[in-house]
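Asks: Got a structure for you, questions after.
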Amino acid sequence: MDSNPNIVHVDTGYGKFDHHQTDDFTCGAKLVLEWLIKEGYVREDDKALKRLIEVATQLDHGWDTYKWCEKADDRYEFSIHNILTGWKILYPRADEKYVEWATRDLEAIYILLQLKVRAEEQIEEGKKFKTRWGKGVAIYTENESVLDVAIKNDYAVVMRKDPNRGNIRITASNKFNVDLTSAYEMAKEKDPQATWFLHASKVLLRNGSNRNPTMKASKLTIDEMVEILEKA
């Protein structure tokens, strides 16, 4: 019950944040989020937080055991809810540690989802082009997540140029058998003063990184690099 104003029951006690008396697709976390939005503590348009809570709700309803793809795959043991189960086996009766660890990880996941949401918007607004392997997109952004998100959304090639540092990072998809060797050679020829690195996989073409403080950013514009990728 919610009779004591100094105590908030979540997911138990038959109060406003307990969902066990209904078969609706909801959970304690979702009920809390809806209340926070209603009271003005959380923005209605916080897509990242809503997506985080959506996954939590799916887990609360056991979707990982019967709805998610390849349900028995070992990769799910790396998920936060399963790692927490392992923690409880390794460290019995360490409730405060569970809360501390899970809270820290959920904060990290929330940040990643914020970057992912922004990346999806930036990819939609990015410069689209065609390569011999498939569709490509080029984006001016500091958001490194655009590379991963674009590849996962079936782009053959994605390019990011940092608007502040000027460096260029290109990621291609193994799915489309991309080989960036030609692009690497053309980029070196057109801008030999810049630092260029082609990964052995031939799908990662890098013009500098955070691990290389001496790198020289490329002077090539997005349009010039897109032209190279279209010819590669």
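Asks: Please give the peptides 180-189, 93-102 ranked by average Cβ packing (other Cβ atoms within 10 Å per residue), highest first, as a rough proxy for protection.
Replies: 180-189, 93-102
Asks: Across region 160-175, in residue order, what do the Karplus-derived ³J(HN,Hα) couplings come to in whole Hz, using 6.51 cos²θ - 1.76 cosθ + 1.60 with θ = phi - 60° and x for Gly and Pro?
Replies: Running phi through 6.51 cos²θ - 1.76 cosθ + 1.60 with θ = phi - 60° gives 10, 10, 6, x, 9, 7, x, 6, 10, 10, 10, 10, 10, 9, 5, 4 Hz.
Asks: Still on this structure: In 10 Å bins starting at 0, how do the alpha-carbon pair distances of region 28-119 split up by percent?
Replies: 14, 39, 37, 10, 0
Asks: Is it possible to state the helix-based mean residue ellipticity at 222 nm for the chain, with each DSSP H run of 4+ residues giving -39500 (n - 2.57), the sum divided by total residues, to the nearest 500 deg cm²/dmol? What is it?
Replies: -13500 deg cm²/dmol, from helical runs alone.
Asks: Right, next: Under the classification rounded if a/c is under 1.5, otherwise prolate if a/b is larger than b/c and oblate if not, where does region 1-58 fall, given a ≥ b ≥ c as square roots of the Cα gyration tensor eigenvalues?
Replies: In terms of gyration-tensor shape, oblate.
Asks: Rank by packing, highest mean first: peptides 21-31, 149-159, with packing defined as the count of other Cβ atoms within 10 Å averaged across residues.
Replies: Answer by packing, highest mean first, reads 149-159, 21-31.
Asks: A follow-up question, please. Hey, how many Å between the Cα centroid of region 101-163 and the Cα centroid of region 207-232?
Replies: That distance is 17 Å.
Asks: If you don't mind, another one. Tell me, what ³J(HN,Hα) does each residue in region 120-129 have, in order and in whole Hz, if you take phi through Karplus 6.51 cos²θ - 1.76 cosθ + 1.60 with θ = phi - 60° and put x for Gly and Pro?
Replies: Once rounded to whole Hz, the list reads 4, 5, 5, 5, 4, 8, x, 7, 8, 8.
Asks: Which one, 122, 114, 193, has the greatest fluctuation when you compute a Gaussian network model over the chain with C-alpha springs under 10 angstrom?
Replies: Largest GNM mean-square fluctuation: 193.
Asks: Something else about it: Give the long-range amide H neighbours of residue 178: residues separated by 5 or more places, or on another chain, with amide H under 5 Å away, using H modelled in the peptide plane at 1.01 Å from N.
Replies: Long-range HN contacts for residue 178: 173.
Asks: Report the normalised scattering of region 126-231 as log10 I(q)/I(0) at q = 0.13, 0.14, 0.17 Å⁻¹, calculated by the Debye formula with identical scatterers on the alpha carbons.
Replies: Values returned for q = 0.13, 0.14, 0.17 Å⁻¹ are -0.39, -0.45, -0.69.
Asks: May I pose another question? Lysines within cross-link reach of residue 97: Cα-Cα under 21 Å, excluding same-chain residues under 8 positions apart?
Replies: Cross-link targets: 88.
Asks: Among the lysines, which have Cα under 26 Å from the Cα of residue 16 when same-chain residues fewer than 8 positions away are ignored?
Replies: The reachable lysines, counting only those whose Cα sits under 26 Å from residue 16, are 30, 38, 47, 50.
Asks: Once phi is turned into θ = phi - 60°, what whole-Hz ³J(HN,Hα) does the Karplus curve with 6.51, -1.76 and 1.60 give for every residue of region 33-40, x standing for Gly and Pro?
Replies: Ordered by residue, 3J(HN,Hα) equals 4, 4, 5, 4, 5, 4, 7, x Hz.
Asks: Can you return the lysines within cross-link range of residue 190? Criterion is Cα-Cα under 20 Å, with same-chain partners fewer than 8 residues away left out.
Replies: 161, 202, 216, 219, 231
Asks: Here's something else I'd like to know. Using Cα pairs under 8 angstrom and six or more residues apart, how large is the relative contact order of the chain, in percent?
Replies: Relative contact order for the chain comes out at 11 percent.
Asks: Roughly speaking, what is the stretch gain from residue 84 to residue 24, that is 0.36 nm per residue apart minus the C-alpha to C-alpha distance, in nm to one decimal?
Replies: Numbers: separation 60, 0.36 × 60 = 21.60 nm, distance 2.57 nm.
Full extension of this stretch gives 19.0 nm more.
Asks: Let me ask something additional. Of the labelled options (1) 130; (2) 121; (3) 186, which one gives volume of the Cα convex hull per residue in Å³ as computed for this structure?
Replies: So the structure-derived entry is (3).
Asks: Could you order peptides 136-144, 72-80 by the average number of other Cβ atoms within 10 Å of their residues, highest first?
Replies: The densest-packed peptide leads the list: 136-144, 72-80.
FYI, it's all coordinate maths here, none of it is from the lab. Being a predicted model, the structure only gives us computed values, none of them experimental. Counting neighbours? That spans all protein chains shown, and the Cβs are built from the backbone with ideal geometry, glycine included.
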